[in-house]
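Structure record follows, encoded as structure tokens.
The values are calculated or read from the model by the stated rules, or taken from the named source; none is laboratory data. It should be emphasised that the depicted structure is a prediction, and the values quoted were computed from it without experimental measurement. All Cβ positions, glycine included, derive from the backbone under ideal geometry; neighbour counts span all protein chains shown. Just so you know, the surface numbers come from the protein's heavy atoms only, side chains and all, with ligands and any DNA or RNA stripped out. Shrake-Rupley method; radii C 1.70, N 1.55, O 1.52, S 1.80 Å.
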Amino acid sequence: MSVHQSAKRITTQVLAEMKANGEPIAMLTAYDYSMATIVDQAGVDVILVGDSASNVMAGHETTLPITLDHMIYHASSVVRAAKRALVVVDLPFGTYQGNSKEALNSAIRIMKESGAHAVKLEGGHEVKESIERILTAGIPVMGHLGLTPQSIYKFGTYTVRAKEEMEADQLRADTKMLNDIGCFAVVFEKIPAHLAQEASASVACPTIGIGAGSGCDGQVLVLHDMLGITQAFSPRFLRRYLDMGEQMNGAIQQYVKDVRSRDFPNESEQY
Ligand code: KIV
């Protein structure tokens, strides 16, 4: 039996074993109890309570406005649903950069108040001290390199990162550093597939790609994007598994029609 089939509960150790065994890791985002229940029951290994909640749930243009309190609210709903998956929560913008003590306090609040199993934060050498301090408290950390949406105003665009050799070298060095200091996994977002493959092969910890090709040890997508609930967003890397937005629209239009025509409720739907 494969590692993920025999695991009753996914832990950071199980993910390491999956990489060692060549078993790809499936990760998806979720932000609420109902969706997380479906995601968990479908066999996803890692549920990411991403700060993409800022876009998907709250309608903001970027991930910057979401707060630690918001993330804890979303995370505690997801934790109540997850019976098997490892739940990882994003540290939001402004809660860990440049101050390792604040980073530790933020991570402790997430773990204590939501019951999540790990945190994720964006960046490499710039946030090394923060990661090291969080790790000293026994809190597992997932790194995130390449396109880091919390730095969108520095980048200026959401295009592919690390195409130039200098940035690619920095990514290689940051991947090694994150692995060496003890991160249990690293997300690669929107980087060339050959670079992601090379960096993945160079470290023991699993890498999870989004727009980073098939050479990563696992893949992640934003749930609402892959289900077709968000419709305006369609980057090349996104595979849509459902047109749920369309289907929901049709169902809701039918409901409105049924109410207006007094078809709903019928005899058997009343007391
Ligand atoms: O916030 C998020 O959803 C993420 C994924 C895109 C990796 O960080």
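Taking the chain as a Gaussian network, where each spring joins two C-alpha atoms under 10 Å apart, which residue of E165, E198, E189 fluctuates the most?
Among E165, E198, E189, the largest GNM mean-square fluctuation belongs to E165.
From the Cα gyration tensor of region 3-240, with a ≥ b ≥ c the square roots of its eigenvalues, which class applies: rounded if a/c is under 1.5, or else prolate if a/b is larger than b/c, or else oblate? Each step should come with its number before you reach the end.
Working: a/c = 1.12, a/b = 1.10, b/c = 1.02.
Verdict is rounded for region 3-240.
Which whole-Hz ³J(HN,Hα) couplings does region 74-86 yield from phi under the Karplus relation 6.51 cos²θ - 1.76 cosθ + 1.60, θ = phi - 60°, glycine and proline marked x?
Ordered by residue, 3J(HN,Hα) equals 4, 5, 5, 5, 5, 4, 5, 8, 7, 9, 10, 6, 7 Hz.
Expressed as cubic angstrom per residue, what is the convex hull volume of the alpha carbon set of region 1-80?
Considering the Cα atoms of region 1-80, their hull volume per residue is 103 Å³.
Can you pull out the chymotrypsin sites (Phe, Trp or Tyr not before Pro) in region 205-241 that DSSP calls coil and that have at most 13 other Cβ atoms within 10 Å?
F233, Y241
What percentages make up the Cα-Cα pair-distance distribution of region 150-271 when the bins are 10 Å wide from 0?
Computed distribution, short to long bins: 12, 30, 24, 13, 9, 9, 4, 0.
Ignoring ligands, DNA and RNA, what accessible area per residue does the chain give at 1.4 Å, in Å²?
With all protein chains present, the chain gives 51 Å² per residue.
Antiparallel as a % of all DSSP beta bridges within the chain, to the nearest 5?
5 percent
Tell me, what % of the accessible area of region 52-177 is carbon and sulfur with a 1.4 angstrom probe?
55 percent
By average Cβ neighbour count within 10 Å, what is the ranking of 58-70, 91-103, 112-124 from highest down?
Answer by packing, highest mean first, reads 112-124, 91-103, 58-70.
Do you know the relative contact order of the chain, to the nearest whole percent, from alpha carbon pairs under 8 angstrom that are 6+ apart?
Over the chain, the number comes to 15 percent.
Quantify, in whole percent, the carbon and sulfur part of the accessible surface of region 219-266 (1.4 Å probe; protein heavy atoms only).
53 percent
Nearest 20 debye, what's the magnitude of the dipole of the chain about its Cα centre given +1 on Lys and Arg Cβ and -1 on Asp and Glu Cβ? Before the final figure, lay out each step's value.
Values: 24 positive and 31 negative charges, 64 e Å.
Dipole size: approximately 300 debye.
Taking +1 at the Cβ of each Lys and Arg and -1 at the Cβ of each Asp and Glu, which of P206, I10, L104 sits farthest along the dipole of region 3-240 towards its positive end, judged by Cα position relative to the Cα centre?
Positive-most Cα among the choices belongs to I10.
Does region 49-182 come out rounded, prolate or oblate, given a ≥ b ≥ c as the square roots of the eigenvalues of its C-alpha gyration tensor, rounded meaning a/c under 1.5 and, failing that, prolate meaning a/b above b/c? Provide the component values of the computation, followed by the final result.
On the way: a/c = 1.81, a/b = 1.27, b/c = 1.42.
Since a/c reaches 1.5 but b/c is at least a/b, the shape of region 49-182 is classed as oblate.
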